[in-house]
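Quick one: the structure is below, questions incoming.
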Amino acid sequence: IVVRSPLRITLGGGATDLASYYRSFGGFVLSAAIDKYVYITVHRAFVDKFILKYSEVEYVESRDDVKHPLIREALRLVGIERPFLEITSMADIPAGTGLGSSGSFTTALLKALHCSKQDLVSPARLAEEACRIEIDILGEPVGKQDQYISALGGMTCFDFQRNDEVHACSLPLARDILYDLEDNLLLFFTGFNRRAAVTLKEQDEKSKQHNQGMLDDLHFAKQLGFDSKAALEAGDLAGFAELMNVHWERKKNRSRHMSNPQIDAWYDLGRKNGALGGKLVGAGGGGFLMFYAEDRARLRRTMREAGLAEIRFHFDFEGTKVLINS
């Protein structure tokens, strides 16, 4: 069995998908799946063990002995007890780069394990199970955006309700606006990897403490999410780009881990060389700078000369998908 699950970029409202915020105020995130993937393969093994291959290799006789927490809890949730199973993971983009790889990994893994038992699982159930593992069981200070956009794909608006329900709907864009947006959004790797949990834990704790500065920032981010949705629906891509700038400048107030002098210098360089707007994707601290640029050639040349590698992408509209089941 081979399953792939897309990574994502956040277009608006990021960080309002954490329970510490949305259970009090409701959250809204505009997210887009991209054609960079996490792949999970599940194969019958011919030894009485679980063979697990990721950045490490494990040979264990019981699922309770599995070190990788996501794999261990996914095996438990799906109800797989017997060994004789080999699980391998691969990814187009390294973890810790702000594109939601943990959520993609978990949804792909759950889909593959359910498939091995011939279970039919809806995308919404897949996303909720992934959230249950990461948030409820493992206690990670993460939101629900990554699991849902990986499972559903597309360019999607998520309303996170106070009662923990998630309402999802596709963003209706004219085809020419969609193509222009896809062409003009550019991703450049900063070379900095980071654990999102460091920044998100700080946000989570301040939200639980009703820190007014943090809550004001998150209220502002949610409103920018609604404004970004409206700008895109109206075809105002320049306005959307400016909202990215506003979001990034405000986002840096949340944590001293959000940026660093080198990232700030690259961001300013991009703004001076063809980018109408931009921000750091994800929880902050590293990963990818995303710019909206109409003068793409100038921006690409400038970033290349600055030593940043570009990752070209298209939007993904399929979500978590079984590629092989034989």
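With the condition kept exactly as written, say whether any residue in segment 86-100 is among the hydroxyl-bearing types (Ser, Thr, Tyr), at pLDDT 95 or above and over 18 Å from Ile34 (Cα atoms).
There is at least one residue in segment 86-100 that is among the hydroxyl-bearing types (Ser, Thr, Tyr), at pLDDT 95 or above and over 18 Å from Ile34 (Cα atoms).
Within segment 63-75, does at least one residue satisfy the condition of being exposed (fewer than 15 other Cβ atoms within 10 Å of the Cβ), in contact (Cβ under 8 Å) with a residue 40 or more places away in the chain and of a type outside the set (A, V, I, L, M)?
Yes, segment 63-75 contains at least one residue that is exposed (fewer than 15 other Cβ atoms within 10 Å of the Cβ), in contact (Cβ under 8 Å) with a residue 40 or more places away in the chain and of a type outside the set (A, V, I, L, M).
Cβ-Cβ below 6 Å, separation at least six or inter-chain, first residue in segment 108-130 and within 17 Å of Asn325 (Cα to Cα), second open to solvent by 60 Å² or more (accessible area, probe 1.4 Å): which pairs?
Qualifying pairs under 6 Å: Cys115/Asn325.
Filter segment 138-151 down to the residues that are surrounded by fewer than 24 Cβ atoms within 10 Å (Cβ to Cβ) and under 15 Å from Phe315 (Cα atoms) and list them by number.
Of everything in segment 138-151, nothing turns out to be surrounded by fewer than 24 Cβ atoms within 10 Å (Cβ to Cβ) and under 15 Å from Phe315 (Cα atoms).
From Gly274, Gly235, which residue is among the small types (Gly, Ala, Ser), touching a helix residue (DSSP H, G or I) at 6+ places or on another chain (Cβ under 6 Å) and farther than 27 Å from Asn193 by Cα?
Gly235
The values are calculated or read from the model by the stated rules, or taken from the named source; none is laboratory data. The structure presented is a predicted model; accordingly, all values stated were derived computationally and were not measured. Glycine gets a Cβ as well: all are built from the backbone with ideal geometry, and neighbour counts include every protein chain shown. Note: accessible area is taken over every heavy atom of the protein model, side chains too, but ligands, DNA and RNA are not part of it. Shrake-Rupley method; radii C 1.70, N 1.55, O 1.52, S 1.80 Å.
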